[in-house]
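Asker: Have a look at the structure that comes next, please.
The values are calculated or read from the model by the stated rules, or taken from the named source; none is laboratory data. Since this is a predicted model, take the numbers as computed values, not measurements. Because the Cβ atoms are built from the backbone with ideal geometry, glycine has one as well, and the counts that use them run over all protein chains shown. Note: accessible area is taken over every heavy atom of the protein model, side chains too, but ligands, DNA and RNA are not part of it. Shrake-Rupley method; radii C 1.70, N 1.55, O 1.52, S 1.80 Å.
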Amino acid sequence: MSKDRVSRRQFLSYTLTGVGGFMAAGMLMPMVRFAVDPVLKAEAAGDFVATKQKVADLTNEPVRVDFSYKQKDAWYESDVTESAWVYKDDAGKIMALSPVCKHLGCTVNWNSDKEHPEQFFCPCHYGRYTKDGTNIPGTPPLAPLDVYPYKEKDGYLYLGKAKPRKEA
């Protein structure tokens, strides 16, 4: 045995400090993991989903393209179906626009309003967008339609996650 004996007071002090530190670590670890986990997790938002639309078949007339993908939420996996309005602009660049109105989330349709042809029209509150997805002043939407990033692979169109546009 050593010459320096531990008093009861020191023993209790060491024990309580150790138990308190263990409990504090137990409370802090979930918070640290919550803060650090998104940084370490692989970026899934950059994934592109294949559509059945051939790029060669696109014209300057917007067509509705539906695409599906599997979404995993914790332990639940579901099939999600989304849509996009896709066309080629005058320069030949592909435009893929979200059909979700920026006013209240209704679905916009191309060329469905007889009073305002060649525009995207939201029937819920008469919102209108130009062909490039820009909101028309004086109508309910306050922002342009979201844009899907795209890429072409093996002649087919692949779409990413829709992103809001900065310009109005």
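Asker: Do the conditions hold for Ile94, that is, is it of a type in the set (A, V, I, L, M) and at pLDDT 90 or above?
Answerer: Taking the combined requirement at face value, the residue satisfies it.
Asker: Which one of Tyr126, Tyr150 is touching an Asp or Glu at 6+ places or on another chain (Cβ under 9 Å) and hydroxyl-bearing (Ser, Thr, Tyr)?
Answerer: Tyr126
Asker: OK, next. Can you tell me which residue among Leu104, Leu28 is surrounded by 10 or more Cβ atoms within 10 Å (Cβ to Cβ), in a loop (DSSP other than H, G, I, E, B) and out of contact with any strand residue (DSSP E or B) (no Cβ under 8 Å at 6 or more places or on another chain)?
Answerer: Result of the check over Leu104, Leu28: Leu104.
Asker: Let me ask you something else. For a quick check of your reading: which strands (runs of 3 or more DSSP E) sit entirely within region 117-168 and have at least 1 residues that are in contact with a Cys (Cβ under 8 Å, 6 or more places away or on another chain), assigned by TED's automatic domain parsing to the domain that holds Val63 and open to solvent by 20 Å² or more (accessible area, probe 1.4 Å)?
Answerer: 127-129
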